[in-house]
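Colleague: I am attaching a structure below and will ask some questions about it afterwards.
Read the figures in this text as sums done on the coordinates, not as results from a lab. Please read all numbers here as calculations on a predicted model, not as lab measurements. Note that each Cβ is placed from the backbone with ideal geometry, even for glycine, and that neighbours are counted across all protein chains shown.
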Amino acid sequence: MVRVLTGADLLCDLLVAHGVEVLFGHPGGAILPFYDALYRKRDLRHILMRHEQAAAHAADGYSRATGRVGVCVATSGPGATNLVTGLATAMMDGVPLVAITGQVPLSVLGTDAFQETDIVGVTMPVTKHGFQINQMSDIPEMLSAAFSLAVEGRPGPVLIDFPKDIQTSPVTPELVAHIPVISLKIEESSDPKTNPTELEVDGNCVQEVLELLDKSERPLLMIGRGAVEAGVTGLIRDIAERADLPVTTTLLGLDGFQASHSLCLGLPGMHGTERANMGIQNADLVIGLGCRFDDRVIGKVDEFAPRAQVVAFDINPGMPGRTIEPDVFILGDLKDTFPVFAEGVSKKIHPQWWDELKEWSREAEPNVDCFLNPGPLGGRQAVRYVTQRVSHSGGIVCTDVGQHQMWVAQELPDVTPRSHLTSGGLGTMGYSLPAAIGAAVGNPSRTVWVVAGDGGFQMNIQELATVVQENLGLRIVVINNQCLGMVRQWQESFYERRYSAVALSGPDLVTIASAYGIAGYVVDCAENLEEVLDSVSNEKGPVLLELRVSEEENVYPIVPSGTALHGLVMGPSLPTEV
Amino acid sequence: MMSKYTLFVGLKNEAGALERVLGVLRRRAINIDSLTLTKESGEMYRVIMSVTDEVVQAGPDRIVKELSSLFMVMSAEHLEDS
């Protein structure tokens, strides 16, 4: 019997034509025809996640780690609404995703049918756009639009809602005849040279920045995720070296510049280094490269970089004025704009500026020493040794949200671009484990590390099953302080130690790991850490390492919310109210 | 900051397009004083809205930029009320 090609088959074919190799998803009623088509489509690999939120995070991790568009799939109703947090995470950090959701048949749309949700409506604020397929001929058109829109300008998530009756309808012969043409079109439009939407680089603005840089005695570069996404981090390093420019890297730009480089000032902002923050406050020129100057980076808006002309290279025309108004704004993809700028940068040195910068050398004052002396294990101390292993293994590290996330940011040694994955803008607890699954699927030859707190880890703990089923050799490190550490820190500092709803009891994580068939280790004193990390590194399959630390340790430095960057506090002597 | 202004938006003639525009306003607590929508030739709507932007005070330039970034918006500009 000849099988009739359906809408679901057509979508599968077109996904392949768009270069999709992997889908992260979870099936259900309204997406069943698509899964049936997938059953026959052996060149599309499907990773069965245990929760749709995790599917969106996995697609996000896959995209951040590989530079490709991540694709996730869910059914209608609860499956679709479960994607929301993952879409919002990707929207905030500019990660290109295509999310495909099943929908009830067109004939019952709007009748509160079983598992019906207006998912295009629900996801409007957290997607770049949402399409609902209303007829067969929409499929090729909307899929092409979704893939272009996801990567065009500032990347982000796009949703395609796919009613069940169109999934099962036969494709008309006329449309079938169009399919090879559609595939060809995709190849053509993916060539950036023929892309008509490419913007002209504003030569006058670039010239203005070059003049500012030439006159500047205290310049500073700030690198964000945009630089990593555009793949210009090598050129940025060359320019920084040529013109002797101090470099600070935001949370999402940490893997854009080597931490050990002599020009690197480290992380700016709320938990940034003294050198980076004081550098910004005393610079006469701050050049932002693909960073959106968000509130956690700039501190008090009116007092950000008070002596500096601020230049922003950004792909988003909506960036100026959201937080700060840059003096010069250069619109465009850094891969187009930065080489034009780089060409004009001349050799220069700034010895006086560096003498000043080197004065700001105070280290944070954690409660625990950062070296492994006998005694209880410290959180930041533990993270330092874990991140060294990440770097030595040439690995990727995915962090969750909270104290451990900031410690990893502060202690991250040299890693290659696309090797530090974290939810920066949305601050999504539960991100790390599913994102690591996506990163590992996209990079089978690399070691992928998860560093999570005990709070965030439990928000997507069910994904341990996916890790085992796909046999992904993740190194999962849980920094367990038996509480929601960052919330506790704020309650200690800003709510007079009224610890409200922060204590977490259990479970025994090694037992949990063993229930999933994952090797488990636990360390609670500093002197054992290196030895256990050796064993963890040598494990063949997935492994979980629980590091038990005190709940008392806080993250320093801290720029309290609403304070200027120069108001950073190095240790536990904070004002009680801000 | 100008708290009352008029927005002129050219919109694709598709279901949900106006809702996207309204979402940009709602998110910033901007209230609509009047709204006119006309279908123009081809695939376009022309929307004229007078708004009050007192809570967030995002300002007309910001709103025009945010509207311009929407997939369904073909053009956006503003006129300040005197």
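Colleague: Would you please give the FRET efficiency between A:Leu106 and A:Asn538, computed as 1/(1 + (r/R0)^6) with r the Cβ-Cβ distance and R0 = 60 Å, to the nearest 0.05?
Modeller: Plugging the Cβ-Cβ distance into 1/(1 + (r/R0)^6) gives 0.60.
Colleague: Let me have the relative contact order for the stretch A:414-473, percent, based on Cα pairs under 8 Å that are six or more residues apart.
Modeller: Worked out over the stretch A:414-473, it gives 35 percent.
Colleague: PRE reach from A:Lys215 (point 7 Å along Cα→Cβ): which of the stretch A:312-331 fall under 18 Å by backbone N?
Modeller: Label zone hits: A:312, A:326-330.
Colleague: Give me the net charge of B:Ala15's neighbourhood, meaning all other residues with Cβ under 13 Å from the Cβ of B:Ala15; Lys, Arg count +1, Asp, Glu -1.
Modeller: Details: positive: B:Lys12, B:Arg20; negative: A:Asp118, A:Asp138, A:Asp161, B:Glu14, B:Glu19, B:Glu43.
Residues close to B:Ala15 contribute a combined charge of -4.
Colleague: Once R0 is set to 56 Å, what does the formula 1/(1 + (r/R0)^6) return for the Cβ-Cβ distance between B:Lys4 and A:Ser262, expressed as a FRET efficiency to the nearest 0.05?
Modeller: After rounding, the FRET efficiency stands at 0.55.
Colleague: Sticking with this structure for a sec: Tell me, in nm to one decimal, what length is gained between A:Glu21 and A:Gln352 on full extension, where the rule is 0.36 nm per residue of separation less the Cα-Cα distance?
Modeller: 113.9 nm
Colleague: Turning to a different aspect of this structure: Just the Cα atoms of the stretch A:330-462: what Rg and Dmax do they give in Å?
Modeller: 18.7, 54
Colleague: Please report the relative contact order for the stretch A:313-388, taking Cα pairs under 8 Å with a sequence separation of at least 6, and give it as a percent rounded to a whole number.
Modeller: After rounding, I find 18 percent.
Colleague: Now a separate question. Within the stretch A:457-558, report the trypsin sites (Lys or Arg not before Pro) that DSSP leaves as loop and that have at most 16 other Cβ atoms within 10 Å.
Modeller: A:Arg497, A:Arg498, A:Lys540
Colleague: Would you list the P(r) distribution for the stretch A:487-548, with all Cα-Cα distances sorted into 5 Å bins from 0 and each bin expressed as a whole %?
Modeller: 4, 15, 18, 15, 13, 13, 11, 8, 2, 0
Colleague: Continuing with this model, one more query. Note the per residue figure in Å³ for the convex hull of the C-alpha positions in the protein assembly as shown.
Modeller: Looking at the protein assembly as shown, the number lands at 175 Å³ per residue.
Colleague: Using a simple spin-label model with points 7 Å from Cα along the Cα→Cβ vector, what separation in nm is obtained for A:Asp508 and A:Gln482?
Modeller: 1.5 nm
Colleague: Continuing with this model, one more query. With contacts defined as alpha carbon pairs under 8 Å and 6 or more residues apart, what's the relative contact order of chain A in percent? Intermediate values should be presented prior to the final figure.
Modeller: Numbers: 1291 pairs, mean separation 80.4, N = 578.
It rounds to 14 percent for chain A.
Colleague: Treating only the Cβ of Lys, Arg, Asp and Glu as charged (+1, +1, -1, -1), what charge dipole size does the protein assembly as shown show about its Cα centre? Round to the nearest 20 debye.
Modeller: Details: 50 positive and 82 negative charges, 165 e Å.
Charge dipole, the protein assembly as shown, about its Cα centre: 800 debye, nearest 20.
Colleague: Follow-up question, since we're still on this one. Using 0.36 nm times the number of residues separating A:Phe494 and A:Ser445, minus their current alpha carbon distance, what extension gain do you get?
Modeller: The span from A:Phe494 to A:Ser445 would gain 13.1 nm if fully extended.
Colleague: If you average the alpha carbon positions of the stretch A:448-465 and of the stretch A:136-180, how far apart do those two centres end up, in angstrom?
Modeller: 34 Å
Colleague: Within a 10 angstrom radius of each residue's Cβ in B:64-71, how many Cβ atoms of other chains show up on average? Whole number is fine.
Modeller: Mean inter-chain Cβ contacts per residue within 10 Å come to 4.
Colleague: Let me ask something additional. What translational D, rounded to a whole number of µm²/s, comes out for the stretch A:6-140 from Stokes-Einstein when the hydrodynamic radius is the Kirkwood one over Cα pairs, at 10 °C and 1.306 mPa s?
Modeller: 107 µm²/s
Colleague: Further question: What whole number of Å gives the distance from the Cα centroid of the stretch A:56-82 to the Cα centroid of the stretch A:279-294?
Modeller: Taking the Cα centre of each part, the stretch A:279-294 and the stretch A:56-82 sit 32 Å apart.
Colleague: Angle between the Cα long axis of helix A:84-93 and the longest principal axis of chain A, 0 to 90 degrees, nearest 10?
Modeller: 50 degrees
Colleague: Specify the angular offset, from 0 to 90 degrees and rounded to the nearest 10, of the alpha carbon long axis of helix A:379-392 from the longest principal axis of the alpha carbons in chain A.
Modeller: Tilt relative to chain A: about 60 degrees.
Colleague: When the Kirkwood hydrodynamic radius is evaluated over all pairs of different C-alpha atoms of the stretch A:218-371, what value in angstrom, to one decimal, is obtained?
Modeller: Details: mean 1/r = 0.0642 Å⁻¹.
The answer is 15.6 Å.
Colleague: Would you kindly state how much longer the chain becomes between A:Asp414 and A:Ala177 on full extension, computed as 0.36 nm times their sequence separation minus their alpha carbon distance, in nm to one decimal? Don't skip to the end; give the middle numbers.
Modeller: On the way: separation 237, 0.36 × 237 = 85.32 nm, distance 5.13 nm.
Answer, rounded to one decimal: 80.2 nm.
Colleague: Additional query: Any chance you could give the angle, 0 to 90 degrees and rounded to 10, that helix B:17-27 forms with the longest Cα principal axis of chain B?
Modeller: The two axes meet at around 10 degrees.
Colleague: Where nothing but the Cβ of Lys and Arg (+1) and of Asp and Glu (-1) is charged, how large is the charge dipole of the stretch A:526-565 around its Cα centre, in debye to the nearest 20?
Modeller: Using Cβ point charges on Lys, Arg, Asp and Glu, the stretch A:526-565 gives about 260 debye.
Colleague: Right, something else. Using only the Cα atoms of the stretch A:434-578, what do you get for the radius of gyration and for Dmax, in Å?
Modeller: 17.8, 49
Colleague: Gap in Å between the Cα centre of the stretch A:85-107 and the Cα centre of the stretch A:242-274?
Modeller: 33 Å
Colleague: Next question, about the same structure. Please report Rg (one decimal) and Dmax (integer) in Å for the Cα set of the stretch A:1-48.
Modeller: 10.6, 32
Colleague: Can you list which of the GluC sites (Glu not before Pro) found in the stretch B:1-68 are DSSP loop residues with at most 12 other C-beta atoms within 10 Å?
Modeller: Of the GluC sites (Glu not before Pro), the ones in loops of the stretch B:1-68 whose Cβ has at most 12 other Cβ atoms within 10 Å are B:Glu40, B:Glu43, B:Glu54.
Colleague: In chain A, which longest range has no chymotrypsin sites (Phe, Trp or Tyr not before Pro) that are both DSSP loop (not H, G, I, E or B) and surrounded by at most 11 other Cβ atoms within 10 Å?
Modeller: A:115-370
Colleague: As a quick test, which of the pairs A:Lys128/A:Lys335; A:Lys300/B:Lys4; A:Lys41/A:Lys128; A:Lys128/B:Lys12; A:Lys335/A:Lys358; A:Lys215/A:Lys358 have an alpha carbon distance above 26 angstrom in this structure? All intermediate terms of the calculation are to be shown ahead of the outcome.
Modeller: Numbers: A:Lys128/A:Lys335 22 Å; A:Lys300/B:Lys4 28 Å; A:Lys41/A:Lys128 29 Å; A:Lys128/B:Lys12 16 Å; A:Lys335/A:Lys358 32 Å; A:Lys215/A:Lys358 22 Å.
From A:Lys128/A:Lys335; A:Lys300/B:Lys4; A:Lys41/A:Lys128; A:Lys128/B:Lys12; A:Lys335/A:Lys358; A:Lys215/A:Lys358, over 26 Å: A:Lys300/B:Lys4; A:Lys41/A:Lys128; A:Lys335/A:Lys358.
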